[in-house]
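Please read the structure below before turning to the comments.
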Ligand code: FES
């Protein structure tokens, strides 16, 4: 489903959207869009309010980092991957499949 338009998220930024009641952290890395659950696997932190470091997103609560492409942990204290969602672009629309 459509969650945003391309211009909603600038390169190097992440913003939070809702898709079917699911909180989505939508990241723009070099013009590519990646969607992750807006919940950190460490302690439920608001991942989408964190910062992007290249292809990593950093949780604002305790600093865990995750790969935005795969959800894999890149830095402690998180140990479990965060869920990712498939993204498709349709013109200016950013579509996310929340399953
Ligand atoms: S809740 Fe995200 S690092 Fe602790």
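Only the coordinates and a few stated rules stand behind these numbers; no lab work does. As the structure is a prediction and not an experimental result, all values here were calculated from the model. FYI the Cβ positions are ideal-geometry reconstructions off the backbone, even for glycines, and counts take in every protein chain you see.
Based on alpha-carbon centroids, what's the gap between the range 1-47 and the range 62-85 in Å, whole number please?
So the two Cα centres are separated by 14 Å.
Points 7 angstrom from Cα along the Cβ direction at residue 97 and residue 80: gap in nanometres?
Output for this residue pair reads 2.4 nm.
If r is the Cβ-Cβ distance from residue 11 to residue 62 and R0 is 30 Å, what FRET efficiency results, to the nearest 0.05?
E(calc), rounded to 0.05, equals 0.70.
Using packing as a proxy for protection, rank 67-75, 85-93 so that the peptide with the highest average count of other Cβ atoms within 10 Å comes first.
Result, highest mean Cβ count within 10 Å first: 67-75, 85-93.
Could you give the Stokes-Einstein D for the range 2-96 in µm² per second, using the C-alpha Kirkwood radius, 25 °C, 0.890 mPa s?
On the way: Rh = 12.8 Å.
Estimated via Stokes-Einstein, D reaches 192 µm²/s.
Residues in the range 23-53 near a label at residue 1, defined as backbone nitrogen under 19 Å from the 7 Å Cα→Cβ point?
Output list for this probe position: 23-27, 34-39.
What residue among 23, 44, 63 has the largest mean-square fluctuation in a Gaussian network model of the chain, using Cα springs under 10 Å?
Taking springs between Cα atoms under 10 Å, the residue moving most is 44.
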